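Below is one structure, written out as structure tokens; comments come after it.
Nothing in this text is a laboratory measurement; each read-out follows from the coordinates by a stated rule. Everything quoted here is computed from the prediction, not taken from an experiment. Every residue, glycine as well, gets a Cβ built from its backbone with ideal geometry; the counts of neighbours run over all protein chains shown.
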Amino acid sequence: MSQGSFPGRRPPTRSGGAAFIIAAGLAGIAALILVDAAGLKQDGGYAGVGPGDVPRIIAYGLLVLAVLTVISGLKGDLPKPPRQAPAPVLWILGGLGLQLVLLHVVGFVISGAILFAMTARAFGQRPLWKAVAVGLVLALVIYGIFDQLLQLNLPAGPLERLIFRG
């Protein structure tokens, strides 16, 4: 038997290393949530459930996922990760960047339609003008709900001022 090998066990693969990094990230996020939840006032009232209980449940769930990820990494039975395509990610990041830049210039509806169209393009939607049209309709509906029903202000541009007088 060679030194460092164990009968019946395969060494962790490259994806196993990624599993340990992901598990560490999950555990780190869980720790941050637990620290934050510890600072919340634990006033359960009549129901016995306080504002810190749900964050704690989420944190414990993340810790369970971290342990399961470590176990999968140790077993080495993780699937080989697929080859990543950078173009869709760049379309989505470009849409987010344009929305950030244009939000206060052209308003929520137009910037939201651009983000929707670029995200749809990242998922393979062609032609782009159809996605822009659908994005405009969806963004108008969302803006109307927030502005008219919920009375919450989203950044208004010329289109919003024309339609909603906002």
- Note on the structure: Over the chain, the sum of -39500 (n - 2.57) across DSSP H runs of at least four, divided by residue number and rounded to 500 deg cm²/dmol, gives at 222 nm -22000 deg cm²/dmol
- Message: Which trypsin sites (Lys or Arg not before Pro) in the range 57-166 sit in a loop by DSSP (not H, G, I, E or B) and have at most 13 other Cβ atoms within 10 Å of their own Cβ?
- Response: Arg83, Arg165
- Averaging sequence separations of C-alpha pairs under 8 Å and six or more residues apart, then dividing by the length of the chain, give the relative contact order as a whole percent. 19
- Which one, [x] 16.9, 62; [y] 16.6, 51; [z] 23.8, 79, gives Rg and Dmax of the Cα atoms in Å as derived from the coordinates shown? [z]
- Quick one: order Phe123, Phe116 by neighbouring beta-carbon count within 10 Å, fewest to most. Phe123, Phe116
- Relative to the longest principal axis of the C-alpha atoms of the chain, give the angle of the C-alpha long axis of helix 108-122, reported between 0 and 90° and rounded to the nearest 10°. 40
- Query: Once the Cβ-Cβ distance between Val49 and Leu152 is put in as r, and R0 is 25 Å, what FRET efficiency do you end up with, to the nearest 0.05?
  - Reply: 0.35
- Query: Nearest 10 degrees, 0 to 90: what angle lies between the long axis of helix 14-38 and the longest principal axis of the chain (Cα atoms)?
  - Reply: 70
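Listing Val54, Val70 from the residue with the fewest other Cβ atoms within 10 Å to the one with the most, what is the order? Working shown, then result.
On the way: Val54 12, Val70 18.
Fewest-to-most ranking of Val54, Val70: Val54, Val70.
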- Message: As I understand it, the value is the acute angle between the Cα axis of helix 86-106 and the longest principal axis of the Cα atoms of the chain; what does it come to in degrees, rounded to 10?
- Response: 40
